[in-house]
Number of protein chains: 2
Amino acid sequence: MTKLTTVHLKAPYLILIGDLADPTYAKTGLGIVDWRPDLVVGQLRFAGGEVDMGVPDMTVAEAVGAGARSLVIGVAPIGGVVPDSWWATIEEAARAGLDIVCGLHFKLSSFPKVVAAAKTSGARLIDVRNPPDKLPIGTGLKRSGKRVLMVGTDCAIGKKYTALALDRSMQAAGMNSTFRATGQTGIMLAGEGLPIDAVVADFISGAAELISPDNDDNHWDVIEGQGSLFHPAYSGVSLGLLHGSQPDAFVLCHDATRSVISGWEHYTLPTIQSCIDQHVIMGRRTNPDIRCVGISVNTSKLLTDKRKGYLAKLNKETGLPCVDPLIDGCGEIVEFIKQQYPEG
Amino acid sequence: MTKLTTVHLKAPYLILIGDLADPTYAKTGLGIVDWRPDLVVGQLRFAGGEVDMGVPDMTVAEAVGAGARSLVIGVAPIGGVVPDSWWATIEEAARAGLDIVCGLHFKLSSFPKVVAAAKTSGARLIDVRNPPDKLPIGTGLKRSGKRVLMVGTDCAIGKKYTALALDRSMQAAGMNSTFRATGQTGIMLAGEGLPIDAVVADFISGAAELISPDNDDNHWDVIEGQGSLFHPAYSGVSLGLLHGSQPDAFVLCHDATRSVISGWEHYTLPTIQSCIDQHVIMGRRTNPDIRCVGISVNTSKLLTDKRKGYLAKLNKETGLPCVDPLIDGCGEIVEFIKQQYPEG
């Protein structure tokens, strides 16, 4: 029987930026360089490219010589396609044996020359939006190790960056932790994971169980969240992820200036307290000890003096550490976790 | 743009039973004859077949002459395959222009002769386990008409039969109702629907919205449930279906003798009251007026005198009509619904 597994990428990466002029569209590549520089061997740029991620420029051959294992398409241009002129380079990389890693909406398998090149070298074509064909059904069995899941009052509210920042703060505090990816960009940053919203509905919890497997008793999986229990379109993904992750703890992510579901403006956001309460009630089903260990707020649209007041008020109301992870880091949440789990 | 739609079957059906000897494996065909005899033109049996569904025996040619539009494979044999000797008949039906409808685990498209026959006649090969490729994202927008969703303390606890019985009782009471299918057998019974547990996770609520579209103000969709909010593997399906269905009302389905999740015995069932409360709390997100209108209990494993006491006790505790739909019918629940929704 084939062992069921998550998507695994081979590092280090050569990141393809091409002749991109606007860094807005290089978010994927810049995110990898920012959060996981250890995974990056270099960037591949064409003449005329103005975006520089601050890592060595390399050709495909140079990257292979430097040990690269994958070419990661590091851009997400408008329309979701890469320019025609880039494909010769992607083909060259596949022929040289680099796995091609892509998070865009097209499928790499629809480019015959790239498919042929990969076949000759044995390189893999990896669309990180696509989960593996075979996934397990959730077992609900308790796993060893500890888990903290990011949840949100809405989608696209900072769950991935909170998880990355929390993992970074935990490691800085000498804790044993791993960022666990549940979305395509997260998978490129982690080097592995599963796009949980792309699996077949019956397998959501089973996929979540694969993402955070058994581990050391004092190890923390810091799990990227998806969707929201309160989202009229995506709540099923969130509940399956909550039950499959069996988190000991969760961090609630929120945006200080958001009052309605983004794109579903006829839905108001739940209150912070009701959101915490519902996650505890539902999460208890697979982990009776689940508790909230902090609130992560995107305060980037607030003025500095308002920002501090907002977080202080929220802290007073909930008794939990409240931080903007990209401004304050997650040190306060890590301290709280250490108090709450002294054995860990 | 293609209109997004559910799976639609063409009636009436010729039901293929073949040379089956044991009615246990003809559950699909027998269910259709039992619940929707209006969809059935006849049965196709081979020499030696001992199962008789009590409808006219017909050859493919006779069924076509009688107006049949589809050949439904009405058996679910052990191992999930149909005997080799049956395929010539299936091919004949496809060549004669009958859609072939199958709910087993293999794919009809993997039988080249059947594919070729269907191509010449224009017949469709329909695997009811497979949802359409294109499904919408949930909008959360309120739809006209009324909806009652079956939910459960566990999977495989009578949600489909409760929905069918409730629909039958509503129609007997002169109400305007439609059974809405969310699983493969239900789709064959209804002639349309979507296998909600087989859609990609991001589309669960969107698929649920398609299943019960806008309707007359006094019309009730009686929606087959799937999974359970409390199931460690399938809760995501159930929450997405709850949010997308936007039910005005729900019926909680339970088995009187079950105390743990079937197949996941390390999980005890939730109490009836906590199950009702959680469905109200979560369901309010897309329908603020959601309420429980009855409890459907499989009491087949209780003795007759115990059965009545069990239902009476549950009624006293909850104040809701409590019935075994296959013994008592759903008349009491229909009466309660009429009281609760006098305008409908």
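Nothing in this text is a laboratory measurement; each read-out follows from the coordinates by a stated rule. What you see is a predicted model; the values in this text were computed from it and never measured. All Cβ positions, even for glycine, are placed from backbone atoms using ideal geometry, and neighbour counts span all protein chains on display.
Of note:
- Amide proton proximity set for residue A:147, modelled H, under 5 Å, gap of 5+: A:221, A:248, A:249
- Taking every DSSP beta bridge that has both ends in chain B, the antiparallel portion is near 10%.
- Tensor-based shape of the protein assembly as shown (alpha-carbon gyration tensor, a/c under 1.5 rounded, otherwise prolate or oblate): oblate
- Shape call, region A:1-146: gyration tensor on alpha carbons, a/c limit 1.5: prolate
- Dipole in debye (nearest 20) - chain A, about Cα centre, beta carbon charges: Lys, Arg +1; Asp, Glu -1: 480 debye
- Sequence of A:265, A:343 once ranked by neighbouring C-beta atoms within 10 Å, starting from the fewest: A:343, A:265
- Classification of region A:255-344 by its C-alpha gyration tensor yields an oblate form. The axis ratio a/c (a ≥ b ≥ c) is 1.5 or more, and b/c is at least a/b.
- Just checking the listed ones, B:306, B:134, B:107: in the Gaussian network model of chain B with Cα springs under 10 Å, the one fluctuating most is B:306.
- Relative contact order, percent, region B:7-127 [alpha-carbon distance under 8 Å, six or more residues apart]: 26 percent
- Within the shell defined by Cβ-Cβ distances under 15 Å, the residues around residue B:5 carry a net charge of +1, with Lys and Arg each +1 and Asp and Glu each -1.
- Of all DSSP bridge pairs formed entirely within the protein assembly as shown, close to 10 percent run antiparallel.
- Cα-based reach from residue A:10 at 16 Å (exclusive), listing aspartates and glutamates while leaving out same-chain residues under 8 positions away: A:38, A:99, A:127, A:192
- Distance between region A:1-69 and region A:92-143 - C-alpha centres, whole angstrom: 16 Å
- For region B:7-127, a crude dipole built from +1 on the beta carbon of Lys and Arg and -1 on the beta carbon of Asp and Glu, taken about the Cα centre, is about 540 debye to the nearest 20.
- Highest-fluctuation residue, B:67, B:186, B:244 considered, GNM on chain B with Cα pairs under 10 Å: B:67
- Extents of region B:265-313, taken as max minus min of Cα coordinates on every principal axis and listed largest first, are 40, 29, 15 Å.
- Pairwise centroid distance, computed over Cα atoms, of region A:172-238 with region B:321-338, Å: 43 Å
- Over chain A, dividing the summed -39,500 (n - 2.57) contributions of all DSSP H runs of at least 4 residues by the number of residues returns a 222 nm mean residue ellipticity of -9500 deg cm²/dmol.
- Quarter the surface of the alpha carbon convex hull of region A:146-340 and you get the mean projected area, 10.3 square nanometres.
- Ranking A:49, A:115, A:66 by how far each Cα lies toward the positive end of the dipole of region A:7-127 (charges on Cβ) leaves A:115 at the top.
- The mean number of partner chain beta-carbon atoms within 10 angstrom of a residue's beta-carbon across peptide A:203-209 is 4.
- Each peptide in B:219-229, B:279-289 gets a packing score, the mean of other Cβ atoms within 10 Å over its residues, and the list from highest to lowest is B:219-229, B:279-289.
- Helical segments meeting 20 Å axial Cα length and Kyte-Doolittle 0.0 threshold in chain A (DSSP H): none
- Listed pairs B:146/B:316; B:27/B:159; B:306/B:338; B:27/B:107 exceeding 22 Å between Cα atoms: B:146/B:316; B:306/B:338
- Per-residue mean of foreign Cβ neighbours for B:225-232 is 4 (Cβ atoms of other chains, 10 Å radius).
- Antiparallel bridge percentage (DSSP; both residues within region A:146-340; nearest 5): 10 percent
- Within the shell of other residues whose beta carbon sits under 15 angstrom from the beta carbon of residue A:207, the net charge comes to -3, with Lys and Arg scored +1 and Asp and Glu -1.
- Taking every residue in B:190-196 and counting other chain Cβ atoms within 10 Å of its Cβ, the average works out to 1.
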